[in-house]
Amino acid sequence: MAAPDRGRDPDRTRADILDVATAEFADKGYAGARVDEIAARMSTTKRMIYYYFGNKEQLYIAVLERAYAGIRSIEQELDVEHLDPADAIRQLAELTFDHHESHPDFVRLVSIENIHRAEHIARSSVLPGLANPALDVLATILERGREAGVFRDDVDPLDVHMVISAFCVFRTANRHTFNAIFKRDMLDPGLREHYRKLLGDLVLAHLTAR
């Protein structure tokens, strides 16, 4: 396969392809997305895209890897060592809330991959390694909270991760069905701070229950 134009910045080209591919896969799913459409939206060729990513499945896996790496990177930026444990867990919940709200494509991709029973995630050499950093941040916060006597000592970090993720994914993924049934838009700006605070309150209530 021919190499790309030497005038191109390879890293920038890869990032641009992933930007367009993310929108295409999130909108149409893995089966419905077309590499031809991604190429057309970039004013390039399918051959150029395959030069960087090999084939459609490898492109989709790269999209998933970048999407998951994005939230993991934000979690790692939280200065858990210098925050009060209660503040740290609330801030972790809030940054997840903010991320999922501002990255609806991430939530759609997660939903799509669940339809495929995570078969593409299972083929990634990168994604399994992203689990530990997420749990390490939580474990550090929980341990500091236990040492300070403010958190229970029987809490599993994975349970806390699940609660935070469930709330944030549900709010975005089920926005339209929830609104159709209950006549409440969970992404209504007027309700944003209510839900953001509710999430932190729920997590802290679980961690401090005796």
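The values are calculated or read from the model by the stated rules, or taken from the named source; none is laboratory data. On a predicted model such as this, the values are computed, not experimentally measured, just so you know. Cβ placement follows ideal geometry from the backbone for every residue including glycine, while neighbour counts extend to all protein chains displayed.
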* To do: Tell me which of these ALA118 doesn't satisfy, since it passes every other one: (1) modelled with pLDDT of 95 or more; (2) assigned to a helix (DSSP H, G or I); (3) hydrophobic (A, V, I, L, M, F, W, C).
  => (2)
* Restrict the check to the stretch 143-152 and report whether at least one residue is of a type in the set (A, V, I, L, M) and in a helix (DSSP H, G or I). => no
* Asked: What number of residues in the stretch 144-163 are over 16 Å from ASN132 (Cα atoms) and surrounded by 11 or more Cβ atoms within 10 Å (Cβ to Cβ)?
  -> 10
* What number of residues within the stretch 16-37 satisfy the criterion of being closer than 14 Å to ASP105 by Cβ and assigned to a helix (DSSP H, G or I)? -> 13
* Please determine, by comparing only the residues of the stretch 192-210 that are part of a helix (DSSP H, G or I) and among the charged types (D, E, K, R), which one is surrounded by the fewest Cβ atoms within 10 Å (Cβ to Cβ). => GLU193
* Which ones in the stretch 60-97 are acidic (Asp, Glu) and either loosely packed, with under 15 Cβ neighbours inside 10 Å or more than 20 Å from LEU199 (Cβ to Cβ) (or both)? -> GLU65, GLU77, ASP79, GLU81, ASP84, ASP87
* Hits in the stretch 24-37 - residues which are closer than 21 Å to ILE121 by Cα, without any contact (Cβ under 8 Å) to a residue 40 or more places away in the chain and of a type in the set (D, E, K, R) -> GLU24, LYS28, ARG34
* Residue ID - modelled with the lowest pLDDT, chosen from residues in the stretch 1-39 that are basic (Lys, Arg) and either surrounded by 11 or more Cβ atoms within 10 Å (Cβ to Cβ) or under 24 Å from GLY70 (Cα atoms) (or both) -> ARG8
* To do: Filter the stretch 38-60 for residues that are in a helix (DSSP H, G or I) and without any contact (Cβ under 8 Å) to a residue 12 or more places away in the chain and give the result.
  => ALA39, ALA40, LYS46, GLN58
* Asked: Just wondering, is there one or more residues in the stretch 40-49 that are charged (D, E, K, R), surrounded by 13 or more Cβ atoms within 10 Å (Cβ to Cβ) and either more than 16 Å from VAL110 (Cβ to Cβ) or at pLDDT below 95 (or both)?
  -> yes
* Out of curiosity, is GLY129 without any contact (Cβ under 8 Å) to a residue 40 or more places away in the chain, assigned to a helix (DSSP H, G or I) and of a type outside the set (D, E, K, R)? -> yes
* Structure fact -> Exactly one of ASP84, ASP36, ASP105 is assigned by TED's automatic domain parsing to the domain that holds ASP188 and either over 17 Å from the mean Cα position of the chain (by Cα) or among the aromatic types (Phe, Trp, Tyr) (or both), and that residue is ASP84
